[in-house]
1. How many residues are assigned to a strand (DSSP E or B) and within 16 Å of the ligand (Cβ to nearest atom) if we restrict to segment 32-55?
2. Here is a list: Phe83, Phe68. Which entry is closer than 30 Å to Asn213 by Cβ, modelled with pLDDT of 95 or more, within 16 Å of the ligand (Cβ to nearest atom) and assigned by TED's automatic domain parsing to the domain that holds His205?
3. I need a count of the residues in segment 158-188 that are within 15 Å of the ligand (Cβ to nearest atom) and either surrounded by 20 or more Cβ atoms within 10 Å (Cβ to Cβ) or at negative phi (or both).
4. For segment 248-337, give me every one of the strands (runs of 3 or more DSSP E) that falls completely inside it and has 1 or more residues that are open to solvent by 20 Å² or more (accessible area, probe 1.4 Å) and charged (D, E, K, R).
5. Go through segment 113-123 and count every residue that is buried (at least 16 other Cβ atoms within 10 Å of the Cβ) and either farther than 14 Å from Ile35 by Cβ or within 16 Å of the ligand (Cβ to nearest atom) (or both).
6. Cβ-Cβ under 6 Å, sequence separation 6+ or interchain: first residue in segment 137-165 and over 14 Å from Ser107 (Cα atoms), partner within 15 Å of the ligand (Cβ to nearest atom) and part of a loop (DSSP other than H, G, I, E, B). Which pairs?
7. Quickly run through segment 148-157 and pick out the residues that are in contact with a His (Cβ under 7 Å, 6 or more places away or on another chain) and surrounded by fewer than 24 Cβ atoms within 10 Å (Cβ to Cβ).
8. Got a number for residues in segment 56-90 being part of a helix (DSSP H, G or I) and either of a type in the set (S, T, N, Q) or open to solvent by less than 30 Å² (accessible area, probe 1.4 Å) (or both)?
Amino acid sequence: MSDSIENPISLSSDDFDEKLSSFRSSILPASSVLILTHDYPDPDCLASAFGISTLLTFWGIKSSVISFGGFVGRAENRAMIRFLNIRTVPFVLTEVNDFERIILVDSFPGKGNVSLAKETPIHAVIDHHPNDPSPDCPFFYDIRKNYGATSTIITRYLLSAHCPISPKLATALFYGIKTDTGEMRREVSTDDLRCYKYLFDIMDHHLLSRIENPDRDIEFFRVLHKATESAVSFDTVGYTHLGTVSTPDYIAEMADLFHSLEQIEWMICSGIFKNQIFYSIRSKNLDLAGVNAERIATLLGGSGGGHARVAAGRVPIDPNTSNKILEKFESTVKTVFGITNINEEKLL
Ligand SMILES: [Mn+2]
């Protein structure tokens, strides 16, 4: 192939060529493919979907559609979609029966954060969240729990397939790895760093700078004010509740920001969106964020989970009793983090 590229990252011990070929046979032949990410997508899943869509086009698949439930709230992620021309279709506007194949990236079926009916058959899952498919799992999967980003796995797939990576795609994948690993701060595999370095040389740095420094609407500063005002700490555990938010992305964003507070080990941020309490959990050193997110969800009838140091969840609320459920949520957080008997201190 004249337009193909050499694979600069390959190890004889790798199983990527093998996995790529199984993935390919789980999808081909097909003329229409739906690539689905989790709801309220982040840069890692958007970049992964963009990479898979590029690979499918390279393989001659005529139509692939990137879709997700919810919407993109964070200003950086909206800028990413706009500047990198990532074409997406809202899930409510897709008809799943119109697609011959369905691929899930950076997510796992049945986890409560993908807008797909349980009975819908899927064909492939590429992810790095700690989920274990059942032994009789009917679809192709490649789940690498020790990887910091799904974007790393997708970069390896593109290289194994000798599929050209454009500067825009490289920028997306680089940004996906950068954000999901907290700039190599957490849960990083050797491959994350190797792909990060490889992509650095072919990406568009000017575009990345525009993505990372987007114009913000006034709502961001209102949320920041509210988060600062309501922030409290229980020894090394920080907590802030944002009230009702216009996008759940603010909850992850404020968790990230307040987690940088010097005396804090844990940061929990919550907010109300569409009759649910959404929450994000961050940890600096203790690898239990996913476990704690799942425990909170289980105790309150919601869904939650994630990685060792970055996790999230959501629990349903009855709008008539929202104050009571919020109290219940906060007391559940205290129980799970073992801070029931620790005095609350206001940040301001
Ligand atoms: Mn991810």
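1. 2
2. Phe68
3. 14
4. Because the criterion is at least 1 residues that are open to solvent by 20 Å² or more (accessible area, probe 1.4 Å) and charged (D, E, K, R), the strands (runs of 3 or more DSSP E) in segment 248-337 that meet it are 310-316.
5. 2
6. Going by the 6 Å Cβ cut-off, the qualifying pairs are Asn146/Ser189.
7. none
8. So the answer is 7.
The values are calculated or read from the model by the stated rules, or taken from the named source; none is laboratory data. None of the values given here were measured: they were computed from a predicted structure. No Cβ is skipped: glycine too gets one built from the backbone with ideal geometry, and neighbour counts run over all protein chains shown. The area values use the complete protein model at the heavy-atom level, side chains included, leaving out ligands, DNA and RNA. Shrake-Rupley method; radii C 1.70, N 1.55, O 1.52, S 1.80 Å.
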